[in-house]
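The values are calculated or read from the model by the stated rules, or taken from the named source; none is laboratory data. Please read these numbers as outputs of a predicted model, since none were measured by experiment. With ideal geometry, Cβ positions are generated from the backbone for all residues, glycine too; neighbour counts draw on all protein chains shown. Surface areas here come from the heavy atoms of the whole protein model, side chains and all, with no ligands, DNA or RNA. Shrake-Rupley method; radii C 1.70, N 1.55, O 1.52, S 1.80 Å.
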Amino acid sequence: MPTTATWLGHAAWLISDGNARVLVDPFLSDAPRSAARADAIDVDFILVTHGHSDHLGDSLAISRRTGAPVVAAFEICQWLLARGCEHTMPMNLGGRLNLPFGTVKMTLAHHSSSLPDGSYGGMPAGFLIKTPEATIYHAGDTALFLDMQLLGAEGIDLAILPIGDCYTMGPDDAIEAVRLLRPRMVAPMHYDTFPPIEQDADAWARRVMQRTDARAVILAPGDTIDLLEG
Ligand code: NI
Ligand code: MN
């Protein structure tokens, strides 16, 4: 079955192998440009990169409604369990989980991770998601870091990178990230949601294709990439 990645706006992505539906960073009901509804989306797993509200989002409500487990840092899982979340899969940096659709590895991110009430959220993270057909890297919120070279050795089909600047790496550092990650395709996220992170994504895509071997794909919220066709 084809693996697909749908951008739901901001850092929210729905990844599917045609069977399992994996929702990353479901900031939906309070997001200005969300392409999905927290009270209607159907998912099997919820992955949360860090505790900030624009990533944790509607995780608790969606998990409680659907029964989908939340895969996140140990501290985020503890916080959710105390608030009535019934299914969590805690992990930490460098760890890997075997799931029905493939594997999820929790990767480094240089950022911060407090929960909405100020609680410590553990380390911020990204995710390397592997299905039999494709490898997808969702960077979470992060600065540029040289260890992205190590992730590049995993053979990434699609890298999903923040380009908004201010809170994460900006367009220039995101191009350097593409050089380190060497993905087949790259899609930007975490831009244009709020005024401090407005960016010209089309101009960024042109620069990516001039300076790297990756194909940059600019989506509108709701658009889907087919990893096999891309
Ligand atoms: Ni953040
Ligand atoms: Mn963020």
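For the range 165-207, name all the residues that are of a type outside the set (D, E, K, R), closer than 21 Å to THR107 by Cβ and more than 14 Å from the chain's Cα centre (by Cα).
TYR167, MET169, GLY170, ALA174, ILE175, ALA177, VAL178, LEU180, LEU181, PRO183, MET185
Any residue in the range 139-151 that is closer than 22 Å to TRP7 by Cα sitting within a Cβ distance under 7 Å of a residue that is in a loop (DSSP other than H, G, I, E, B) and open to solvent by 70 Å² or more (accessible area, probe 1.4 Å)? List the pairs, counting only those 6 or more apart or interchain.
What qualifies is ASP141/TYR167; THR142/HIS110; ALA143/HIS110.
Each row is one residue, and each column tells you yes or no for (1) in contact (Cβ under 8 Å) with a residue 60 or more places away in the chain; (2) within 16 Å of ligand 2 (Cβ to nearest atom); (3) crowded, with 18+ Cβ neighbours inside 10 Å.
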| site | (1), (2), (3) |
| --- | --- |
| GLY155 | no, no, no |
| MET169 | no, yes, yes |
| ALA174 | no, yes, yes |
| PRO183 | no, no, yes |
| VAL186 | no, no, yes |
| ASP192 | yes, yes, yes |
| GLU198 | no, yes, no |
| ALA203 | no, no, no |
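Would you tally the residues in the range 27-57 being buried (at least 21 other Cβ atoms within 10 Å of the Cβ) and closer than 22 Å to PRO196 by Cβ?
Going through the range 27-57 one residue at a time, the tally reaches 11.
Please enumerate the residues belonging to the range 6-58 that are aliphatic (A, V, I, L, M), more than 15 Å from ligand 1 (Cβ to nearest atom) and in a loop (DSSP other than H, G, I, E, B). Break it down into steps so the answer makes sense when it comes.
Quick first cut of the range 6-58, residues aliphatic (A, V, I, L, M) only: 8, 11-12, 14-15, 20, 22-24, 28, 31, 35-36, 38, 40-41, 43, 46-48, 56.
Adding the requirement that they be more than 15 Å from ligand 1 (Cβ to nearest atom) leaves 8, 14-15, 20, 22-23, 28, 35-36, 38, 40-41, 43, 46.
Across the range 6-58, the qualifying residues are ALA20, LEU28, ALA35, ALA36, ALA38, ALA40, ILE41, VAL43.
Consider only pairs whose beta carbons are under 6 Å apart and that are at least six residues apart or on different chains; among these, list those whose first residue lies in the range 209-228 and is among the acidic types (Asp, Glu) and whose second residue is open to solvent by 40 Å² or more (accessible area, probe 1.4 Å).
Partner pairs satisfying both residue conditions: ASP226/PRO2.
Return only the number of the condition from (1) at pLDDT below 95; (2) farther than 26 Å from ASP54 by Cβ that LEU227 does not satisfy.
Here LEU227 meets the rest and fails (2).
If a residue has to be more than 15 Å from MET185 (Cβ to Cβ) and of a type in the set (S, T, N, Q) to count, how many in the range 132-166 make the cut?
Within the range 132-166, residues that are more than 15 Å from MET185 (Cβ to Cβ) and of a type in the set (S, T, N, Q) number 2.
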